[in-house]
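Notes for the one structure printed next.
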Amino acid sequence: MEKKNLDWANIGFGYHETDKRFVSNYKDGVWDEGALTADANIVINECAGVLQYAQTCFEGMKAYTTEDGHIVTFRPDLNAQRMEDSCKRLEMPVFPKDRFVQAVADVVAANEAYVPPYGSGATLYIRPYMFGSSSVIGVKPAEEYQFRIFTTPVGPYFKGGAKPLTIKVSDFDRAAPHGTGHIKAGLNYAMSLHAIITAHEEGYDENMYLDPGTRSKVEETGGANFLFVTKDNKVVTPKSGSILPSITRRSLMTVAKDYLGLEVEEREVLLEEVKDFAECGLCGTAAVISPVGKVVDHGKEIVFPSGMNEMGPITKKLYDTLTGIQMGRLEAPEGWIHVIK
């Protein structure tokens, strides 16, 4: 199929409507068969559960064109599992994992013309999501739901290179103890908007959220997990019951251990030990790893030895190896790459 005539290198990281999306409705205790549709609009009742009580969750993933010309997705089964976990916590019906993976493949195949070519730096972003669609006025779960998947081509997350970020230790809490921090609920992101706008107004790129119980341990940012590298090249990620389990972060830890031969550790990370790390990065679907150059804790600056000009050496190796796997330049662990075409 001929690609759309888009300026892939300058497309930006935003929404561009594509030709098809998947829609399935849940009613009377069952999901219908679902179908692809050209209609990008949603019509729901003014009293729908999603509008009244934010009963919604979502996922984020990408499709890539590999070096040998295949169109693939990366570990979609883990996105399906994470969405199942989110649905159960929000009292929403689970969309079956096998159907989730198939629907992702169907939507990507239907929008093949929008999958950016290899080497362009762009990818096709995939957004599965679910919401309560029936009317709810008392505080309770909706009875009907809609599951949808849309796609949008997105440009390189870093235009002109991965410049290290400056982040601040936030005075806001991202999640409550025993709350919903470990799932991908829309309400988590609504809560983070004021904090991120405040950070931007103060000249910072992101927030570092601490554990809501003691405010002494590193958790995550509003949309990414932390990854640290010690001065003896051990890769460390924070462990907490209120951190969203990033698929990218889990994959990077496997890459660090199995591909790079590094020691890895998932454990509680105290704020007071951040100054002792050699490198820091933020892990997520959008950029794989965003390097962090500086953390500011209420006026006290922590500048990592990796500096403010480029990725640290271990962070760069992790980035190059994982993107090499995703783009087909390196052999992938079994089950990581789902070939669509």
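The values are calculated or read from the model by the stated rules, or taken from the named source; none is laboratory data. On a predicted model such as this, the values are computed, not experimentally measured, just so you know. We place every Cβ from the backbone using ideal geometry, glycine too, and count neighbours over all the protein chains shown. Ligands, DNA and RNA are excluded from the accessible area calculation, which covers all protein heavy atoms including side chains. Shrake-Rupley method; radii C 1.70, N 1.55, O 1.52, S 1.80 Å.
Residues in the range 119-130 that are more than 23 Å from Asn79 (Cβ to Cβ) and either in contact with a strand residue (DSSP E or B) (Cβ under 6 Å, 6 or more places away or on another chain) or open to solvent by 60 Å² or more (accessible area, probe 1.4 Å) (or both): Gly119 only. Tyr64 meets the conditions (1) assigned to a loop (DSSP other than H, G, I, E, B); (2) buried (at least 19 other Cβ atoms within 10 Å of the Cβ); (3) of a type in the set (Phe, Trp, Tyr) in every case but one. The failed one is (1).
For the range 1-9, the condition of being modelled with pLDDT of 95 or more and either among the polar types (S, T, N, Q) or in a loop (DSSP other than H, G, I, E, B) (or both) holds for none of the residues.
So that you can scan it fast, the table gives a plain yes or no per residue for (1) surrounded by fewer than 23 Cβ atoms within 10 Å (Cβ to Cβ); (2) touching a strand residue (DSSP E or B) at 6+ places or on another chain (Cβ under 7 Å); (3) of a type outside the set (A, V, I, L, M, F, W, C); (4) within 28 Å of Gly155 (Cα to Cα):
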| position | (1), (2), (3), (4) |
| --- | --- |
| Ile71 | yes, yes, no, yes |
| Asn79 | no, yes, yes, yes |
| Met83 | no, yes, no, yes |
| Pro93 | yes, yes, yes, no |
| Ala103 | no, yes, no, yes |
| Pro117 | yes, yes, yes, yes |
| Gly132 | no, yes, yes, no |
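Yes or no, residue by residue, for (1) surrounded by 13 or more Cβ atoms within 10 Å (Cβ to Cβ); (2) under 25 Å from Ala113 (Cα atoms); (3) of a type in the set (A, V, I, L, M); (4) in contact with a strand residue (DSSP E or B) (Cβ under 9 Å, 6 or more places away or on another chain):
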site: Lys4; (1), (2), (3), (4): yes, yes, no, yes
site: Ile11; (1), (2), (3), (4): yes, yes, yes, yes
site: Glu17; (1), (2), (3), (4): no, yes, no, yes
site: Lys27; (1), (2), (3), (4): yes, no, no, yes
site: Asp39; (1), (2), (3), (4): no, yes, no, yes
site: Ile44; (1), (2), (3), (4): yes, no, yes, yes
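The residues of the range 186-209 that are open to solvent by 50 Å² or more (accessible area, probe 1.4 Å), free of Cβ contacts under 8 Å to residues at least 60 places away in the same chain and hydrophobic (A, V, I, L, M, F, W, C), listed by number, are Met191, Leu193, Ile197.
When Ser246, Ser242 are screened for being surrounded by 19 or more Cβ atoms within 10 Å (Cβ to Cβ) and touching a Cys at 6+ places or on another chain (Cβ under 8 Å), only Ser246 passes. Here Thr166 clears all of (1) open to solvent by less than 10 Å² (accessible area, probe 1.4 Å); (2) under 28 Å from Thr315 (Cα atoms); (3) assigned to a strand (DSSP E or B); (4) of a type in the set (Val, Ile, Thr) except the condition numbered (1).
The lone criterion from (1) open to solvent by less than 20 Å² (accessible area, probe 1.4 Å); (2) closer than 17 Å to Gly179 by Cα; (3) not aliphatic (A, V, I, L, M) left unmet by Pro212 is number (1). Consider the range 315-341 and keep the residues that are without any contact (Cβ under 8 Å) to a residue 24 or more places away in the chain and open to solvent by less than 60 Å² (accessible area, probe 1.4 Å). The one that is farthest from Leu78 (Cα to Cα) is Gly324.
Note on the range 306-341: residues that are in a loop (DSSP other than H, G, I, E, B), farther than 20 Å from Lys168 by Cβ and in contact with a helix residue (DSSP H, G or I) (Cβ under 9 Å, 6 or more places away or on another chain) amount to 11.
Within the range 173-203, the residues that satisfy the criterion of being farther than 24 Å from Val50 by Cβ and not in a loop (DSSP other than H, G, I, E, B) are Thr198, Ala199, His200, Glu201. Only residues that are more than 18 Å from Phe13 (Cα to Cα), assigned to a loop (DSSP other than H, G, I, E, B) and open to solvent by 30 Å² or more (accessible area, probe 1.4 Å) were counted across the range 278-305, and they come to 3.
Considering only residues in the range 244-277 that are among the basic types (Lys, Arg) and in a helix (DSSP H, G or I), the one that is nearest to the chain's Cα centre (by Cα) turns out to be Arg249.
For the range 46-60, enumerate the residues that are outside any strand (DSSP E or B) and either open to solvent by less than 40 Å² (accessible area, probe 1.4 Å) or of a type in the set (A, V, I, L, M) (or both).
Residues satisfying the conditions are Cys47, Gly49, Val50, Leu51, Ala54, Gln55, Glu59, Gly60.
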